[in-house]
Every structure is written in structure tokens, then in C-alpha cells.
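Note sheet for the following structure.
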Amino acid sequence: ALPMVAIVGRPNVGKSTLFNRVVGQRISIVEDVPGVTRDRIYAKTDWNGREFHVIDTGGIEISGADEMANLIRVQAQLAIDEADVIVFLVDGRAGLTEADREVAEMLRRSRKPVVLGVNKLDHPKHHPAAYEFYELGFGDPIPLSSEHGGGTGDLLDEVVRLL
Ligand code: GDP
Ligand code: MG
């Protein structure tokens with residue numbers, strides 16, 4: 001079986017946008033509003049000659065902060081269990097949130113290799129916003145723009161290195 005790479009993070013950070021860019025097709029649904037339930041979506045792709053499956057953990061139904069927190073946990077845990085390498089995606093414009101810290105805690109417990117992508121940094125002048133995420137403890141945060149493609153090659157280099 002091919003190795004599995006899961007894209008994990010709280011809603012609306014751009015996981016589906018990154019997934020679509022990585023697989024080179026618009027498969028996953030990008031939603032402005034976090035709240036559409038989707039199954040986990042898989043696709044096969046490759047980078048630098050290495051093939052792997054990518055999992056997008058879909059949107060999450062929200063009806064209150066506690067329920068959202070629970071659903072984030074369940075959703076993320078399923079993907080984490082399957083993954084060989086995890087892409088932990090955060091929103092560099094929003095900055096570090098409590099939900100990011102909770103996801104980080106689950107990832108630490110999994111003991112799986114994690115690559116931290118800081119998304120929505122569409123211009124190099126925004127890249128310093130990635131520094132704040134060092135404190136999550138997953139090494140160098142990689143500044144990204146999933147929408148425009150910037151940094152996604154650096155992210156995939158690191159993913160493939162860890163496979
Ligand atoms: P998900 O809930 O984590 O899957 O997030 P989505 O991929 O559905 O994206 C949520 C919102 O963030 C959408 O409005 C996207 O267009 C936007 N978005 C995603 N990636 C980027 C990015 O790199 N830059 C900017 N500016 N917006 C982005
Ligand atoms: Mg999504």
C-alpha cells in the first residue's frame with residue numbers, strides 16, 4: 001500500500017485548498033464557512049517521483065464550541081491513525097488559536113512525523129507571521145499560500161523526506 005499523508009487542522013485554515021493543489025485537481029470542496037460535513041477524501045499523487053495518498057479531513061458541522069471541539073478531535077484522530085506523515089495546517093492570518101493547540105496536543109500523542117504548514121501567507125512580506133507557530137513544537141513552520149501555490153513545494157519536499 002502507498003504511504004498516507006493526512007492534512008489536519010481546525011476548520012477553515014485551507015486544508016481542502018491545499019489538498020486540491022497537492023493533487024492537482026479540484027476534488028475537495030472549498031468552503032468559506034466552516035460547517036459543511038464531508039467524508040474524508042483520498043487521492044493519489046506524487047512528488048519528486050514518490051507516490052503517496054493524501055487525505056483531506058473534511059469540513060465539520062458546528063453547533064457550539066464544545067461540539068465543534070469534539071468533532072475536530074474525532075475527525076482529526078481518524079486521519080492521524082491512518083497517516084504515515086501528517087501535514088498540520090494552521091492559518092497564519094488568524095494567528096495561533098486554542099483549537100490549534102488542541103490539534104497539536106493530539107499530534108504529539110500520535111508520535112507521528114508532522115510537517116507544520118502556515119497557510120494564507122500569500123505574499124513573502126507576510127511570512128514573518130509563521131514565527132509565532134514555533135511554539136507548537138513541530139520544528140520550522142513552513143509559510144504557504146495554498147491558494148496561490150507559494151511554499152507548497154517546500155512543504156512537499158519535507159513530507160517526502162519523512163515518508
Ligand atoms: P478547510 O476548512 O480547512 O478545508 O478550508 P478551505 O480549503 O475550505 O478554505 C477556507 C477558506 O480559506 C476559503 O475561503 C479559501 O478560499 C481560503 N483560503 C485557503 N487557502 C488560502 C490561502 O492560501 N490564502 C488565502 N488568502 N485564502 C485561502
Ligand atoms: Mg475542507
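Taken together, the values in this text are just the output of simple stated rules run on the coordinates, not laboratory data. In this text the structure is predicted, and so the values were computed from the model without any measurement. Counting neighbours? That spans all protein chains shown, and the Cβs are built from the backbone with ideal geometry, glycine included.
Ranking of K112, K15 by neighbouring Cβ atoms within 10 Å, starting from the fewest: K112, K15. Over every Cα atom in the chain, the radius of gyration and the widest Cα-Cα span, Dmax, amount to 14.2, 44 Å.
Taking each DSSP H run with n ≥ 4 as -39500 (n - 2.57) and averaging over every residue of the chain yields -10000 deg cm²/dmol at 222 nm.
Footprinting exposure proxy ranking of R109, R21, fewest other C-beta atoms within 10 angstrom first, gives R109, R21. Under a cut-off of 24 Å between alpha-carbon atoms, report the lysines in cross-link reach of K120, not counting same-chain residues fewer than 8 places apart. Within the straight-line cut-off, K120 pairs with K15. Label-to-label distance for E67 and L162 is 3.3 nm, based on points extended 7 Å past Cα in the beta-carbon direction. Exposure proxy ranking for D140, D66, D100, based on other Cβ atoms within 10 angstrom of each Cβ and starting from the fewest, stands as D66, D140, D100.
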